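To start, the structure itself, in structure tokens.
The values are calculated or read from the model by the stated rules, or taken from the named source; none is laboratory data. Quick caveat: nothing in here was measured; it's all calculated off a predicted structure. Note that each Cβ is placed from the backbone with ideal geometry, even for glycine, and that neighbours are counted across all protein chains shown.
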Amino acid sequence: MKFDKLKQRLRQDRPKITINLEIPEDVLKDLQEIAPKLGFSNYQALIRAYIGQGLRVDLEKLDNDSISSLIDSLRKHGVTDDIIAAAVADTKQS
């Protein structure tokens with residue numbers, strides 16, 4: 001994930017929306033039990049952390065899948081690996 005996008009996601013003043021979510025009672029009890037052991041103030045904070053963590057993993061994976069597809073396409077169009085490597089290195093410096 002790009003640094004600027006990650007920085008935006010860490011802002012505390014982002015607009016929020018309340019949702020209702022049904023989860024099994026035993027799962028809720030487990031969340032309530034482990035949240036303080038993991039340093040969270042409550043189980044809702046732990047749930048938000050789990051969602052954020054999973055979302056970041058999936059976004060990164062999808063971003064990498066897009067890059068892989070682009071690299072494959074560039075190779076099919078005759079772009080050399082040296083040029084592709086240089087371009088990828090340039091994007092990581094941005």
Scan segment 41-88 for residues that are under 30 Å from LYS29 (Cα atoms) and β-branched (Val, Ile, Thr) and jot them down.
ILE47, ILE51, VAL57
Here are the criteria: (1) among the charged types (D, E, K, R); (2) modelled with pLDDT of 95 or more; (3) closer than 30 Å to THR91 by Cβ. Tell me which single one LYS61 does not satisfy.
(2)
Do the conditions hold for GLY78, that is, is it more than 30 Å from ILE17 (Cα to Cα) and not in a helix (DSSP H, G or I)?
yes
